[in-house]
Amino acid sequence: MILASLEKWLQRDVKPHVLRLEHADEYPKDMADQMAEMGLFGATIPAEYGGLGLNATTYAKVVEKIAGTWMSLSGIINSHLIMAACVMRQGTEAQKEYWLPKFASGELRGGLALTEPDAGTDLQAIHTKAERTGDDYIVNGSKTWITNGIQGHCFALLVKTDTQTEPRHKGMSMFIAEKGEGLTVSRKLEKLGYKGIDSAELAFKDYRIPADRLIGGVEGKGMQAALGGLELGRINIAARGCGLAQAALDDSVTYAQTRKTFGKTIGQHQAIQLKLGEMATRLQAAKLLTYDAARAYDAGERCDMEAGMAKYFASEAAVENSLEAMRIHGGYGYSKEYHVERYFRDAPLMCIGEGTNEIQRMIIAKQLMARNPV
Ligand SMILES: Cc1cc2nc3c(=O)[nH]c(=O)nc-3n(C[C@H](O)[C@H](O)[C@H](O)COP(=O)(O)OP(=O)(O)OC[C@H]3O[C@@H](n4cnc5c(N)ncnc54)[C@H](O)[C@@H]3O)c2cc1C
């Protein structure tokens, strides 16, 4: 039912407006509010905290559908739900009761603030520091590339609470930081694609945060909170990849049956058939990997390798399918009047976010060896 009503909404209220919003780089405020009404800000939050309580498998299908229509729209809820996952997995009961209903309703919206100008993949190299003073912490530093940074109200914020401890991750903690004095947006970042949704730099200058916002209530668990959220994050990126790869294929199948050259539709030329055959097979493989990772996540199994494989393969499938769709569309594939050029600009982001594809392959290899010791 959720998928059917979502599809109806996407076709009726989203698709007709995507080209305009995308090229104006305009935040889709009405659509975000409609997603809140549909309960999507609480998609993966348990029903006892006011969410829809969707499992990862259904959530992946929701993300796939949204991303297949406009990937930017899925980012609005995905980053928000990763923030919520940090509280769900690592938060105290009091924190869950306080934050999760507000996140689920969309009253408070936000995202994940891990990356810094000098630290992305190597998160243990972050510099943002939180120092305890009485019942509060004082935070100084900066974060970059923060999705929903301008429109969001609060962020799961990764900081150092101890800069001396070894290994470094033991000195890292995660807070829920609400916008207020000392936490400002320093700039909006301009991007190749992923338009409409805001990516921003955040500055923390003597930002005071109450100690009860430390997720889990104890210092040193920040990396665990961040990495726990990333498993679902990787499944979500894989699902976005599937959505884009599907959209590129669907547009190509339609175009191949309408565009004519040399007296035939281009779909009757073997060169185009080979492309469609490869695109469809790649898509199907990406979907199976994604649904398998989601199934493992739902079963409570360790799934860093499965989520990594799905994320890696599906994001590369999105890149390859969008490029092939552009070739199939000829000159029109390069036109801003078609969706295909957007798929081509959006797809590479999935190779970078939630752990680059280089790192995914290293995670897969390490897991292979850990699961098969000699
Ligand atoms: C549009 C967009 C939205 C984003 N949204 C968010 C967000 O909401 N919140 C957030 O916290 N971050 C966000 N990010 C940041 C993103 O997570 C990082 O860009 C990503 O983790 C990579 O980090 P980096 O850019 O610092 O690259 P680097 O870590 O500097 O990596 C550069 C290159 O080196 C490779 N590399 C690095 N280390 C190794 C290694 N050990 N072995 C092999 N290769 C390696 C990488 O794979 C990459 O190819 C976003 C980024 C973009 C572009």
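Before moving on, here are some points about what is shown:
- Test result for residue 171, more than 13 Å from the ligand (Cβ to nearest atom), under 28 Å from residue 92 (Cα atoms) and surrounded by fewer than 18 Cβ atoms within 10 Å (Cβ to Cβ): no
- So residue 53, is it away from the ligand (no atom under 16 Å from the Cβ), touching a His at 6+ places or on another chain (Cβ under 9 Å) and on the phi > 0 side of the Ramachandran plot: no
- Residues of region 332-351 satisfying the condition of being within 23 Å of residue 21 (Cβ to Cβ), within 12 Å of the ligand (Cβ to nearest atom) and either in a helix (DSSP H, G or I) or at pLDDT below 95 (or both): 345, 346, 349, 350
- For region 272-302, filtered to residues that are more than 24 Å from residue 344 (Cβ to Cβ) and in contact with a Lys or Arg (Cβ under 9 Å, 6 or more places away or on another chain), the residue that is surrounded by the most Cβ atoms within 10 Å (Cβ to Cβ) is 293.
- Hey, residue 307 more than 16 Å from the ligand (Cβ to nearest atom), of a type outside the set (Lys, Arg) and surrounded by 14 or more Cβ atoms within 10 Å (Cβ to Cβ) or not: no
For (1) among the small types (Gly, Ala, Ser); (2) surrounded by 15 or more Cβ atoms within 10 Å (Cβ to Cβ); (3) under 19 Å from residue 286 (Cβ atoms); (4) out of contact with any Gly (no Cβ under 8 Å at 6 or more places or on another chain), each residue gets a yes or a no:
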residue	(1), (2), (3), (4)
330	yes, no, no, yes
340	no, yes, yes, no
354	no, yes, yes, no
357	no, yes, yes, yes
360	no, yes, yes, no
363	no, yes, yes, no
368	no, no, no, yes
372	no, no, no, yes
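- The lone exception for residue 305 - which of (1) at pLDDT 95 or above; (2) among the aliphatic types (A, V, I, L, M); (3) under 22 Å from residue 57 (Cβ atoms) it fails: (1)
- Residues of region 359-370 that are touching a residue at least 60 places away in the same chain (Cβ under 8 Å), more than 22 Å from residue 243 (Cα to Cα) and either near the ligand (Cβ under 6 Å from one of its atoms) or under 20 Å from the mean Cα position of the chain (by Cα) (or both): 359 alone.
- Annotation: residue 177 fulfils all but one of (1) more than 30 Å from residue 323 (Cα to Cα); (2) surrounded by fewer than 17 Cβ atoms within 10 Å (Cβ to Cβ); the unmet one is (2).
- Hits in region 31-59 (condition: closer than 18 Å to residue 86 by Cα and crowded, with 23+ Cβ neighbours inside 10 Å): 40, 41, 42, 43, 44, 45, 51, 56, 59
- Number of positions in region 133-147 that are near the ligand (Cβ under 7 Å from one of its atoms) and either closer than 11 Å to residue 206 by Cβ or not β-branched (Val, Ile, Thr) (or both): 2
- Among the residues of this structure, residue 285 does not count as one that is away from the ligand (no atom under 16 Å from the Cβ), at negative phi and within 18 Å of the chain's Cα centre (by Cα).
- The lone exception for residue 26 - which of (1) in a helix (DSSP H, G or I); (2) more than 24 Å from residue 89 (Cα to Cα) it fails: (1)
- Among the conditions (1) on the phi < 0 side of the Ramachandran plot; (2) of a type outside the set (Phe, Trp, Tyr); (3) away from the ligand (no atom under 12 Å from the Cβ), the only one that residue 156 does not satisfy is (3).
- Those residues of region 157-207 which are among the basic types (Lys, Arg) and in a strand (DSSP E or B), in sequence order: 160, 187, 188, 205
- All of 126, 76 fail the test of being within 20 Å of the chain's Cα centre (by Cα), crowded, with 17+ Cβ neighbours inside 10 Å and within 12 Å of the ligand (Cβ to nearest atom), apart from 76.
- The C-beta contact set for region 167-190 (first residue of a type in the set (Asp, Glu), second residue within 14 Å of the ligand (Cβ to nearest atom), distance under 9 angstrom, 6+ apart or interchain) comprises 178/110; 178/154; 178/155; 190/25; 190/199.
The values are calculated or read from the model by the stated rules, or taken from the named source; none is laboratory data. This structure is a prediction, so every number in the text was calculated from the model and none was measured. Note that each Cβ is placed from the backbone with ideal geometry, even for glycine, and that neighbours are counted across all protein chains shown.
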